[in-house]
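Everything on this sheet refers to the single structure shown next.
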Amino acid sequence: MTPDTRPTLTLLAIGAHPDDCELGAGGLAALYARAGHRVHFVAVTNGDAGHHELAGAPLARRRRAEAEAAAAVIGIAYTVLDNHDGELEPSLPNRRAIIRLIREVRPDLVLTHRPNDYHPDHRYTSLLVQDAAYMVTVPGIVAAAPHLAADPVILYMSDSFQRPYPFAPDVIVPIDDVLDAKLDMLHQHASQMYEWLPYNTGRARDVPLGDVERRAWLHARYAPRFTEIADRYRALLTTFYGPAQGDSVRYAEAFELSEYGASSPRDELARLFPPFADATGLVA
Ligand SMILES: [Zn+2]
């Protein structure tokens, strides 16, 4: 199918904090946006606890501005919900909010965290998406928002947690062509990349001051993470892209199908990954 005849797809990534979607799926989002598809990022919390010197509303305002700047890098929508950072609960009101959100965006594809993760906000974001998954098709739930005819495909973003089972990808996406865009998005989250996370991990003194130096430092610190994904799941890369191209990929993002989304999600993967249709075995 050529780009001209291809239907527009909608990708909805739902992360716990401003920067989670960028970390897990910024490359895929950039490829979607570049191909003319719709992308919508959501942070379920406003990030108002993610700093050692700032807190509350001033920090939430700063992080919202960072999210908007990240969205502008690749031209996508970004919604930051006004839940407190570090205090997210898988409550009925929050479930209703996620049901409403998914119905309004009408995604073909939803990305989120896995339910086992070090951060409670990540865990409960995942739980909220899973709790909303089937309910988005039930007319009597959140009746004011028109229900969906079918569940979207739901995929988990990658992580390195081992229990109760390690991340097992069903899809892997080379992001070599969009690594700079992904890092440029992360670069907008200065409060996290250059302040809070280095402080929290004892590396605050390593962070350079200049903008150009920081962007280079970010590349050195984060690009290896995406090389590690490519290397760890190299067999999947060669299965999808063939030995020659699969071996040459340096940076990747990987995604694992959830059982709670579309009923036959594997049948839909080729439809959902058209940016790679020419190069992948995903298209029959
Ligand atoms: Zn997070």
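Taken together, the values in this text are just the output of simple stated rules run on the coordinates, not laboratory data. Every value quoted in this text rests on a predicted model; they were computed, and no experiment measured them. Counting neighbours? That spans all protein chains shown, and the Cβs are built from the backbone with ideal geometry, glycine included.
Name the residues whose placed amide hydrogens come within less than 5 Å of the amide hydrogen of ARG114, ignoring near sequence neighbours (fewer than 5 apart) on the same chain.
MET157
Suppose each label sits 7 Å from its Cα in the direction of the beta carbon; what would the ALA35-SER263 distance come out to in nanometres?
2.6
Evaluate E = 1/(1 + (r/R0)^6) for ALA55 and ALA223, where r is the Cβ-Cβ distance and R0 equals 25 Å; express this FRET efficiency to the nearest 0.05. Kindly include the intermediate steps, with their values, before the conclusion.
On the way: r = 31 Å, r/R0 = 1.23.
For ALA55 and ALA223, the calculated efficiency is 0.20.
Using amide H atoms built in the peptide plane, which far-off residues or other-chain residues are under 5 Å from ALA252 H to H?
Counting only residues 5 or more places away or on other chains, the set is ILE175, THR227, ILE229, ALA230.
Name the long-range amide H neighbours of SER258: under 5 Å, sequence gap of 5 or more, or other chain; modelled H, no Pro or chain starts.
Under 5 Å from the amide H of SER258: ILE154, LEU155, TYR156.
For the chain, what does the helix formula give at 222 nm: sum of -39500 (n - 2.57) over DSSP H segments with n ≥ 4, over the residue count, nearest 500 deg cm²/dmol? If you can, show how the numbers build up before the last one.
Working: 9 runs with 123 residues, N = 284.
Dividing the helical sum by the residues of the chain leaves -14000 deg cm²/dmol.
In whole Hz and in residue order, list the ³J(HN,Hα) couplings for region 230-245 that follow from phi through the Karplus curve 6.51 cos²θ - 1.76 cosθ + 1.60, θ = phi - 60°; x for Gly and Pro.
4, 6, 5, 10, 4, 4, 5, 4, 6, 5, 7, 10, x, x, 5, 6
7 Å from Cα along Cα→Cβ at both ALA204 and THR239: what's the point-to-point distance in nm?
4.5
Mind ranking 199-210, 239-250 by how tightly packed they are, going by the mean number of other C-beta atoms within 10 angstrom, highest first?
Details: 199-210: 11.2, 239-250: 15.4.
Going from most to least packed, we get 239-250, 199-210.
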